[in-house]
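Asker: Before we start, here is the structure in question, set down as structure tokens.
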Amino acid sequence: MKNLEALNIFTRVAEMKSFTQAAESLGIQKGRVSTVVRELERDLGATLLHRTTRTVQLTEDGRAFYSRARDLLSEAEELHSMFTDAGMALRGRLRVDMPAVLAQSVVIPALPQLLEAHPELEIELSSTDRRVDLVLEGFDCVVRLGPIVDDTLIARPLGHLRMINAASPAYLARFGVPNTTNDLLRQGHRMVYYMRNFGAKPDGWEYPTDDGYKSLMLPGAIRVNSVPAYHDAGLAGLGLIQGGYSSLLPHIKRGALIEVLPDLRPEPLTASFVVAHRRNLSQRVRAFMNWTEEILKPYFD
């Protein structure tokens with residue numbers, strides 16, 4: 001391996017799936033990028049990238065090499081910053097994924113303050129409802145809600161996000177304001193169902209009891225498979241919804257939604273900061289983790 005520059009160029013091409021975009025992001029000529037990657041493949045004796053006229057994809061050898069290259073770059077950064085003042089500005093690129101509603105309602109509104117303090121920090125923020133592959137998709141870290149089912153990942157719990165029950169004013173004017181679970185049945189309430197897979201059995205309306213949390217099946221006119229659509233259905237008056245306080249608060253503040261059954265809130269949702277392994281905990285990742293935990297604190301139970 002001649003130097004870390006080759007690793008940096010290769011990983012950027014792999015992540016952007018484009019020699020041109022990689023060159024632009026690095027501020028170098030496209031020809032330089034192509035030459036470095038070609039020389040790297042020649043030195044390794046392996047083809048790392050499938051090149052077509054439309055895109056660039058990692059080969060099987062490329063995927064394995066990409067994973068180790070990211071490790072080495074992370075370790076090099078850690079070594080370089082061993083004696084760096086912890087209060088100094090962060091620099092470089094950070095690739096993050098998190099649920100869309102969390103990004104929209106909490107993280108993005110707070111980002112100007114972070115980037116003002118660290119003007120040389122670049123953030124690539126992916127906001128989806130799917131479970132991304134940290135290694136194959138090149139993410140430094142992700143914020144996940146709910147249980148971590150992959151025991152190969154390193155997860156740090158950030159806290160428990162408050163969940164609430166809500167409905168639109170128009171819906172409540174039609175069905176009434178419930179005060180108990182009996183009211184949900186007596187007043188003929190219905191709920192919007194959120195389902196990752198439409199073929200699965202719906203979870204029902206969650207509420208606390210002395211023995212934990214139970215579920216009450218209510219009629220539902222609509223089922224959706226994305227959180228934004230779930231919120232939109234509640235805003236449209238299609239039924240009661242249960243969602244994160246952080247994401248529903250803007251709608252409640254402007255009167256588009258009203259919290260109901262405040263004493264019967266659903267179980268709080270665990271928020272976790274996840275990396276592929278501890279070697280991914282660069283100075284940038286640690287700083288972003290601490291910052292994320294701080295801005296989420298007002299929404300924790």
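The values are calculated or read from the model by the stated rules, or taken from the named source; none is laboratory data. Bear in mind that the values here come from a model prediction, so they are computed numbers and not experimental data. In this analysis, Cβ positions are derived from the backbone assuming ideal geometry, glycine residues included, and neighbour counts consider all displayed protein chains. We work out accessible area using only protein heavy atoms, side chains counted, and drop any ligands, DNA or RNA first. Shrake-Rupley method; radii C 1.70, N 1.55, O 1.52, S 1.80 Å.
Asker: Condition first: under 21 Å from PRO169 (Cα atoms), assigned to a loop (DSSP other than H, G, I, E, B) and more than 23 Å from the chain's Cα centre (by Cα). Can you find one or more residues in segment 209-217 that meet it? Lay out the reasoning, then the answer.
Answerer: Quick first cut of segment 209-217, residues under 21 Å from PRO169 (Cα atoms) only: none.
There is no residue in segment 209-217 that is under 21 Å from PRO169 (Cα atoms), assigned to a loop (DSSP other than H, G, I, E, B) and more than 23 Å from the chain's Cα centre (by Cα).
Asker: Mind listing whichever residues of segment 185-204 are of a type in the set (A, V, I, L, M, F, W, C) and out of contact with any helix residue (DSSP H, G or I) (no Cβ under 8 Å at 6 or more places or on another chain)?
Answerer: Initial filter on segment 185-204 (of a type in the set (A, V, I, L, M, F, W, C)): 185, 191-192, 195, 198, 200.
Within segment 185-204, LEU185, MET191, MET195, PHE198, ALA200 meet the criteria.
Asker: Tell me which of these LEU185 doesn't satisfy, since it passes every other one: (1) open to solvent by 70 Å² or more (accessible area, probe 1.4 Å); (2) assigned to a loop (DSSP other than H, G, I, E, B); (3) not hydroxyl-bearing (Ser, Thr, Tyr).
Answerer: So LEU185 meets the others, but not (2).
Asker: Here's another thing I want to ask about it. Restricting the search to segment 115-126, which residues are out of contact with any Lys or Arg (no Cβ under 7 Å at 6 or more places or on another chain), open to solvent by 50 Å² or more (accessible area, probe 1.4 Å) and either closer than 23 Å to TYR194 by Cβ or assigned to a strand (DSSP E or B) (or both)?
Answerer: LEU125
Asker: Can you name the condition, by its number, that ALA287 falls short on among (1) under 21 Å from the mean Cα position of the chain (by Cα); (2) of a type in the set (A, V, I, L, M, F, W, C); (3) within 28 Å of HIS189 (Cα to Cα)?
Answerer: Only one criterion is unmet by ALA287, namely (3).
Asker: Mind listing whichever residues of segment 1-31 are part of a helix (DSSP H, G or I), surrounded by 13 or more Cβ atoms within 10 Å (Cβ to Cβ) and over 30 Å from the mean Cα position of the chain (by Cα)?
Answerer: Matches in segment 1-31: LYS30 only.
Asker: Can you report the number of residues in segment 219-242 which are in a helix (DSSP H, G or I), within 19 Å of PHE175 (Cα to Cα) and open to solvent by 20 Å² or more (accessible area, probe 1.4 Å)?
Answerer: 2
Asker: If you go through segment 247-301, how many residues are touching a Lys or Arg at 6+ places or on another chain (Cβ under 8 Å), open to solvent by 50 Å² or more (accessible area, probe 1.4 Å) and either without any contact (Cβ under 8 Å) to a residue 40 or more places away in the chain or not in a loop (DSSP other than H, G, I, E, B) (or both)?
Answerer: Going through segment 247-301 one residue at a time, the tally reaches 0.
Asker: Determine whether ALA155 is in contact with a strand residue (DSSP E or B) (Cβ under 8 Å, 6 or more places away or on another chain) and more than 22 Å from GLY255 (Cβ to Cβ). Outline the logic, then answer.
Answerer: Working: in contact with a strand residue (DSSP E or B) (Cβ under 8 Å, 6 or more places away or on another chain): yes; more than 22 Å from GLY255 (Cβ to Cβ): yes.
Considered against the rule, which asks whether it is in contact with a strand residue (DSSP E or B) (Cβ under 8 Å, 6 or more places away or on another chain) and more than 22 Å from GLY255 (Cβ to Cβ), ALA155 comes out as yes.
Asker: Which of the numbered conditions does ARG95 fail, given that it passes all the others? Conditions: (1) assigned to a strand (DSSP E or B); (2) open to solvent by 20 Å² or more (accessible area, probe 1.4 Å); (3) out of contact with any Asp or Glu (no Cβ under 7 Å at 6 or more places or on another chain); (4) not small (Gly, Ala, Ser).
Answerer: (3)
Asker: Going residue by residue through segment 155-171, is there one that turns out to be open to solvent by less than 40 Å² (accessible area, probe 1.4 Å), within 27 Å of LYS214 (Cα to Cα) and in a helix (DSSP H, G or I)?
Answerer: Among the residues of segment 155-171, at least one is open to solvent by less than 40 Å² (accessible area, probe 1.4 Å), within 27 Å of LYS214 (Cα to Cα) and in a helix (DSSP H, G or I), which makes the answer yes.
Asker: Please determine, by comparing only the residues of segment 37-51 that are free of Cβ contacts under 8 Å to residues at least 12 places away in the same chain and part of a helix (DSSP H, G or I), which one is most open to solvent (accessible area, probe 1.4 Å).
Answerer: Once the filter is applied, the top-ranked residue is ARG42.
Asker: Going through segment 52-74 one residue at a time, which ones are touching a residue at least 12 places away in the same chain (Cβ under 8 Å) and outside any helix (DSSP H, G or I)? Steps first, please.
Answerer: Going through segment 52-74, the residues touching a residue at least 12 places away in the same chain (Cβ under 8 Å) turn out to be 55-59, 61-63, 65-67, 69-74.
Once the filter is applied, which keeps residues that are touching a residue at least 12 places away in the same chain (Cβ under 8 Å) and outside any helix (DSSP H, G or I), segment 52-74 yields THR55, VAL56, GLN57, LEU58, THR59.
Asker: Do we have any residue at all in segment 106-114 that's among the β-branched types (Val, Ile, Thr), in a helix (DSSP H, G or I) and either open to solvent by 60 Å² or more (accessible area, probe 1.4 Å) or out of contact with any Ser or Thr (no Cβ under 6 Å at 6 or more places or on another chain) (or both)?
Answerer: Filtering segment 106-114 down to residues among the β-branched types (Val, Ile, Thr) leaves 106-108.
Okay, now just the ones that are also in a helix (DSSP H, G or I), so 106-108.
Still in the running and either open to solvent by 60 Å² or more (accessible area, probe 1.4 Å) or out of contact with any Ser or Thr (no Cβ under 6 Å at 6 or more places or on another chain) (or both): 107-108.
Checked against the condition, which is being among the β-branched types (Val, Ile, Thr), in a helix (DSSP H, G or I) and either open to solvent by 60 Å² or more (accessible area, probe 1.4 Å) or out of contact with any Ser or Thr (no Cβ under 6 Å at 6 or more places or on another chain) (or both), segment 106-114 yields at least one hit.
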